[in-house]
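Below: the structure, in C-alpha cells.
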Amino acid sequence: MKLPALNTKSVRPAELNRREFFKSGGAVATVTLGTGVTLMAFGGDAHANADAGKRWGLLIDVNKCASDCNACVKGCSDENGWKMDGENPETDPQWIRKVDLKHKQTGREVSMPMMCQHCEEPPCVDVCPTGASFKRVDGIVLVDKHICIGCRYCMMACPFKARSFVHEEIEDQKPNAPRGKGTVESCTLCVHRVDKGGEPACVEACAKTGHQAMMFGDLNDPESEISKALLAYSSTGLRDDLRLNPGVRYSNL
Amino acid sequence: MAHTEYREVTPTPAIWLIAIIAGAFVAAAGLAVLYIEEHGHIVTGMTNQIVWGLPHVFAIFLIVAASGALNVASIASVFGKIENKPMARYSGLLSIALLAGGLGVLVLDLGHPDRLIVAMTTYNFKSIFAWNVILYNGFFVIVGAYIFVQMLRNASPKLVRSVGTAAFVWRLALTTGTGSIFGWLVARPGYDAAIMAPLFIIMSFSFGLAFFILVLGTTFPLTGRFIGGNLIKRLGRLLGVFALAVLYFSAVRHLTNLYVAEHGDFERFILFSGNIYSKLFWFGQVLMGGLIPAVMLLRPAEKTTRKWVYLASILIILGGLIHLYVIIIGGQAFPLEIFPMYEVSSSFFDGAVNEYSPTIYELALGLGGIALAVLIAGIGVVALRILPMTLCDEDIDPEAVDF
C-alpha cells in the first residue's frame, strides 16, 4: 500500500497556531520514557501524516463473524495495551468489543465487533470543549491526550458507546498507544500502523483466524477492495438515522 | 418607599459557627478531590456507563439555581418592581456564589482539573460546553458589574437598569446553554430535545428563588435584622407559580417523548418501570418537589405563614436535586439504542440497564459546592454593603394590603 502523503492541513482551524507551536517545541520537548513510550500522543505526527484524499474505513461481514471468536478484541488489546482481564468490567476501557444480537421478531442471532465508528460527522468532536476530540483529514477520529480535560462529554455524545474513560493509573503502556489516567480513549483505527501503510490489528487478527470478516481500506478510492465490496453488496452504518456517515459499515446485519 | 440603608454584617457567634461548618464541608470536598486525583475515578461510583454522576447533579443544580437566584434583582431592575430593589444586591451576590460553587464541583470532577487553563484558553466553538465556559465567566463579570453599579454613589437608575437588563439576558443565555448540554445530545433518547433549554430556564427560576428565600430567611434573623412576613409570602407565591411551571414543562417533555414510538421504551423506563428512577420521578420530583410545595405556597394567603414558605422552599430544593438526578443519572442508566429491534448483550453492558452507586467522595464533593456558595455569600455580606438594615413590610411598601 502506498504511504499517505504528508499533509499538515488541520480540520481544527482554532488549533492551528497552538498545534504548530507544540509541533515545533515538541521536537525538543518530546520525552522518551523507558522503552520508547513517547509523550507526543496524537496531537503531532499522526495528524500530520493524514492524507486529505483518503477516507479510511472498515467493512464487517456479520455472517463471517463467529460468535465464539474474540480474536479482533485480543488483537487490539495486545497491540494497544489495554487489558481485557475482566477485573473491573464497569470501569475497564474497551476499545473494541464483541456484541451479541438476537432479533426480537425473527430470532436470528448474530455476533459482531463494535468500536469507534469513525464518523464523518462525529458527535464526540462536536461536543468536545477543547478540541481534544478531533477528526483527521483522512477520517480517523482520535483524542489528543494533551488537551483532553477528562470532562467525558464525548462519552455522553457518542451513540455507539465507543469511548472509555481511564479510571486508574496505567502500567505497561505500549509505545504506539500512549494513554493517561483521567483522559478519554477509543479505537484509533491503529493509526500508527495505517500511517506506515499497514492495517489495523483487529483486521489482521481476524484474517489470521481465517474468518475474513473484517476488511480495511480507503473508502474514497473506487479501486480499493473495500469500495468494490461496498459497491457489490448492501451494507449498513449503525444509527444511519443520525446521518453521521460512519466509516465502519456492516454487511449481512 | 423609605430610603434603604445597607450595612456590612458584623459576624456573630452563630455566623462564625455556620462559617466553620461550611469551611469543614469545603475542606472535606478538597480531601475527596485529592483522593480521587490520587487513585483515579475508580474510587467513585462513576463508570464507563454512568460517566456523569452525583457531582454533576450538584454542579448543574447549583449552576441552574445561580441564574435563578438573580430573579429578585431582575424583577427590580428590569421589570421595575421597586419593592424588590432592597434585595437586589443580595440576589446578585448569591447568584455569583452559587455559580462559583457549581463550577467548583464541575471542574474538580474533571479527569484533569489541572488542565483548567486548557479549558479556559482552547475553544471548540461548535461545542456548547465551550460556549458555556464563556457564558459562566461572562456571568461573573456582568453580575459583578451589576452589583457594583448598584453600590455606586449617585448611580443613575438608567445605568442600573441597563446593566441589570444585560445581566438578565445573559442569565437566560446561560441557562439555555446549560439545558442544551443535554438537549443537543443526539445519541440518547433521554435527552435530544429542544425543550431541555426552556425546562432548565424555568427550573432555574424555581430552584434559584427557593434558595434565595431560604438564605434571606436565615441571614436576616442571624444578623439581628428584620424581614417582613408579607415579603416572604409574596416571594413564596411567585415560587409556587414557578413550581407549577416546572411541572408543566416536565409534563410536555415526557408527553412528547411518549408520543414518539422510538422513545417509548425510555419513557416507560423513567415513568412506569417501578425502578429507582420512576420512584424518584413520581414521589421526589413531582409530588415532593412540585405538587406539595405548589399547594403550600398557592393556598389562600391568610392561611400561609413564613414557616410554610421556608418548608416549601426546602421541598423544592430537594425535589430539584432529585429532578436533576433523574435527568442525569436516569438518562444514562437507560441503555443506548444502537440496535433497535434487537436484544443486545456484550461484556461492555450493551443493552443492560446501568447501575450506579455514588460513593462518599462524590457526595462530599457535591456538598462542598453548596458549602462554598454559602461561604462566598457569607464573606460577601460581611465585607460589602449588600444587606439592607431592614426589610420591614411597611418600609418596602406601606400601601400593600396585608396577606
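The values are calculated or read from the model by the stated rules, or taken from the named source; none is laboratory data. These numbers come from a predicted model, not from an experiment. For neighbour counting, all protein chains shown are included, and Cβ atoms are generated from backbone atoms with ideal geometry for every residue, glycine included.
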For segment A:198-219, state whether one or more residues are among the charged types (D, E, K, R), part of a loop (DSSP other than H, G, I, E, B) and over 14 Å from the mean Cα position of the chain (by Cα).
no
Against the definition (at pLDDT 95 or above, more than 21 Å from A:ALA229 (Cα to Cα) and either within 11 Å of chain B (Cβ to nearest Cβ) or surrounded by fewer than 18 Cβ atoms within 10 Å (Cβ to Cβ) (or both)), how does A:ASP85 come out, yes or no?
no
Here are some residues: A:ILE147, A:ILE140. Which one is within 7 Å of chain B (Cβ to nearest Cβ) and crowded, with 24+ Cβ neighbours inside 10 Å?
A:ILE147
Could you check segment B:1-52 and list, in sequence order, the residues that are β-branched (Val, Ile, Thr), surrounded by 13 or more Cβ atoms within 10 Å (Cβ to Cβ), more than 14 Å from chain A (Cβ to nearest Cβ) and assigned to a loop (DSSP other than H, G, I, E, B)?
B:THR4, B:VAL9
Residue under evaluation B:ILE117, criteria (1) within 14 Å of another protein chain (Cβ to nearest Cβ); (2) closer than 25 Å to B:MET196 by Cβ; (3) surrounded by fewer than 15 Cβ atoms within 10 Å (Cβ to Cβ), criterion not met:
(2)
Qualifying positions in segment B:249-304 - touching a Leu at 6+ places or on another chain (Cβ under 9 Å), basic (Lys, Arg) and more than 23 Å from B:LEU209 (Cα to Cα):
B:ARG268
Within segment B:89-106, does at least one residue satisfy the condition of being within 11 Å of chain A (Cβ to nearest Cβ) and buried (at least 20 other Cβ atoms within 10 Å of the Cβ)?
yes
Somewhere in segment A:62-74, is a residue within 12 Å of chain B (Cβ to nearest Cβ), closer than 27 Å to A:GLY182 by Cβ and polar (S, T, N, Q)?
no
Pull out all pairs, ordered by first then second residue, where Cβ-Cβ is under 6 Å, the residues are six or more apart or on different chains, the first lies in segment A:217-238 and is among the polar types (S, T, N, Q), and the second is in a strand (DSSP E or B).
A:SER224/A:GLY217; A:SER224/A:ASP218; A:SER235/A:ARG249; A:SER235/A:SER251; A:THR236/A:TYR250
Testing A:MET114 on (1) surrounded by 24 or more Cβ atoms within 10 Å (Cβ to Cβ); (2) closer than 20 Å to A:PRO200 by Cα; (3) more than 8 Å from chain B (Cβ to nearest Cβ), one condition comes back false. Which one is that?
(3)
Those residues that are modelled with pLDDT of 90 or more and of a type in the set (S, T, N, Q), I need them from segment B:350-403; list them, please.
B:ASN354, B:SER357, B:THR359
Within the set of pairs 6 or more residues apart or between chains, which connect a residue that is more than 14 Å from chain A (Cβ to nearest Cβ) inside segment B:127-143 to a residue that is assigned to a helix (DSSP H, G or I) and hydroxyl-bearing (Ser, Thr, Tyr) with Cβ atoms less than 8 Å apart?
B:PHE139/B:SER67; B:PHE139/B:SER95; B:VAL143/B:SER95
Taking only segment A:118-131 into account, find how many residues are in contact with a Gly (Cβ under 9 Å, 6 or more places away or on another chain) and at the interface with chain B (Cβ under 10 Å from one of its Cβ atoms).
1
Counting only residues that are assigned to a helix (DSSP H, G or I) and either of a type in the set (A, V, I, L, M) or within 14 Å of chain A (Cβ to nearest Cβ) (or both), how many does segment B:306-357 have?
19
